[in-house]
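Following: one structure in structure tokens, then a few remarks.
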Amino acid sequence: MTTTTPTPTPTPTAPAPPSARWLPVRDAVTMFGRQLRHVLRYPELTVIVLMIPVVFLLLFVFVFGGTLGAGLGPTAAAGVSGRSDYLRYVLPGILLMTIASISQGTCTSVTMDMTQGIIDRFRTLSISPGAVLSGHALAATVQSLGSMAVVLGLGVAIGFRPSAGPVGWLLVLALLTAVSFAIAWVSVACGLLARTVESSSNYTTPLVLLPFLGSGFVPTESMPTALAWFARYQPFTPIMDTLRGLLLGTPVAPSSAWLAVGWCLVLTLVGWFGARRVYARPRRA
């Protein structure tokens, strides 16, 4: 009589516990808290980078605003004709400059982590590889939003009177958050590329200049042909035009709105993929 050995039933692989799936999120929140503590512990760093847009706001409104406002008055694109009206025109550009200024501090902070050995310590721990980068990006986003609230409050104090309704303000907040998040990831990538802390802030300096080379301070139609072409198609111009329309309650061109959203998405993806790629490769001394 022959006997057959029963075939063992393969044991199914147990799925990962729900808590393990959220470990990358938990790690990113932990690193986000670390960066926020740094910001709160050293508030002078935020004040230093915030002084740039504040000084430019006061300079352009009270020193150049009367002349520039009068010069922009006849143009249909600007719709302004005085110092107070020029403030309405220039504030969106100052808000974008605020984000760019914060990016310089973020870039320096990332480079400090990369050069002072803390990243090597993090690599030995059981944490998500992208958590450190996400913490920097999220903290920079919150820092940018807080700094823009200060600049916007200063604008209101010196005469800015927005006409946006509740929906308009929600859209303004959403767009500013998207831009801040996108520029934060770009600054994280730049901080990883920088070799020294001293040179790190130079990597994001072009971002501070983009509002000048766009519609932030004067309409693009007033520029020479070649510069006007660049100003019209660079990332910050549709974002500033959309913000201006939302804040003032004026019609926003659909092309500007879609370009603003598209540029935010493109900059986020470029910064995120670039940062992950640079972070993963060995760092040369």
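Here is how the numbers come out for the structure above:
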quantity: Cβ-Cβ under 7 Å pairs, at least 6 apart or on other chains, segment 126-152 side farther than 16 Å from ILE52 by Cβ and in a helix (DSSP H, G or I), far side modelled with pLDDT of 90 or more and among the hydroxyl-bearing types (Ser, Thr, Tyr); calculated: THR141/THR177; THR141/SER180; LEU145/THR177; LEU145/SER180
quantity: Members of segment 104-122 that are touching a Gly at 6+ places or on another chain (Cβ under 9 Å) and under 30 Å from PHE160 (Cα atoms); calculated: THR106
quantity: Any pair with Cβ under 7 angstrom, 6 or more apart, that starts in segment 195-218 at a residue that is in contact (Cβ under 8 Å) with a residue 60 or more places away in the chain and farther than 15 Å from SER103 by Cβ and ends at one that is among the small types (Gly, Ala, Ser) and not in a loop (DSSP other than H, G, I, E, B); calculated: GLY214/ALA231; SER215/ALA231; GLY216/GLY93; PHE217/GLY93
quantity: Test: residue in segment 221-232 that is part of a helix (DSSP H, G or I) and in contact (Cβ under 8 Å) with a residue 24 or more places away in the chain; calculated: yes
quantity: Check on PRO129, at pLDDT 90 or above, over 24 Å from SER215 (Cα atoms) and surrounded by fewer than 16 Cβ atoms within 10 Å (Cβ to Cβ); calculated: no
quantity: Unmet requirement for THR220, which otherwise passes all of (1) surrounded by fewer than 19 Cβ atoms within 10 Å (Cβ to Cβ); (2) touching a helix residue (DSSP H, G or I) at 6+ places or on another chain (Cβ under 9 Å); (3) modelled with pLDDT under 95; calculated: (1)
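One line per residue, one yes/no per condition, for (1) farther than 12 Å from ALA178 by Cβ; (2) among the charged types (D, E, K, R); (3) touching a Leu at 6+ places or on another chain (Cβ under 8 Å); (4) crowded, with 19+ Cβ neighbours inside 10 Å:
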position: LEU246; (1), (2), (3), (4): yes, no, yes, yes
position: GLY249; (1), (2), (3), (4): yes, no, no, no
position: SER255; (1), (2), (3), (4): yes, no, no, no
position: ALA260; (1), (2), (3), (4): no, no, yes, yes
position: TRP263; (1), (2), (3), (4): no, no, no, yes
position: VAL266; (1), (2), (3), (4): no, no, no, no
position: VAL270; (1), (2), (3), (4): yes, no, no, no
position: ALA275; (1), (2), (3), (4): yes, no, yes, yes
position: TYR279; (1), (2), (3), (4): yes, no, yes, yes
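The values are calculated or read from the model by the stated rules, or taken from the named source; none is laboratory data. None of these values were measured; they are calculated from a predicted model. Heads up, the Cβs are rebuilt from the backbone with ideal geometry, glycines too, and the neighbour counts pull from every protein chain shown.
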